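This report concerns only the one structure given below.
Please treat every number below as a calculation from the coordinates, not as lab data. In this text the structure is predicted, and so the values were computed from the model without any measurement. Heads up, the Cβs are rebuilt from the backbone with ideal geometry, glycines too, and the neighbour counts pull from every protein chain shown.
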């Protein structure tokens, strides 16, 4: 995935996750296209986002994934 390659060059740490969708890549498949030494696999992305303590967290993926993230999280409360 071209977008993943570009992001992996500028991100300090790359977190890969997956969600329940027929065409979704598994997190292990995403890792294969990341050119970054700091890679962590995330099983529960909802809890991860809620508890993230870093400065900036960029959430990206398909429109299906972004819609699911938005529906499961109240970003106003974060």
For this session: Let me have the relative contact order for the chain, percent, based on Cα pairs under 8 Å that are six or more residues apart.
Result: 28
Exercise. With labels modelled as points extended 7 Å from the Cα through the Cβ direction, what inter-label distance (nm, one decimal) is found for residue 63 paired with residue 43?
Worked result: 3.3
Exercise. Under a no-solvent Debye model with one identical scatterer per Cα of segment 2-72, what's log10 I(q)/I(0) at q = 0.20 Å⁻¹?
Worked result: -0.89
Exercise. How many nm separate the modelled label positions at residue 29 and residue 73, each set 7 Å beyond the Cα in the direction of the Cβ?
Worked result: 2.3
Exercise. How many nm separate the modelled label positions at residue 51 and residue 5, each set 7 Å beyond the Cα in the direction of the Cβ?
Worked result: 3.5
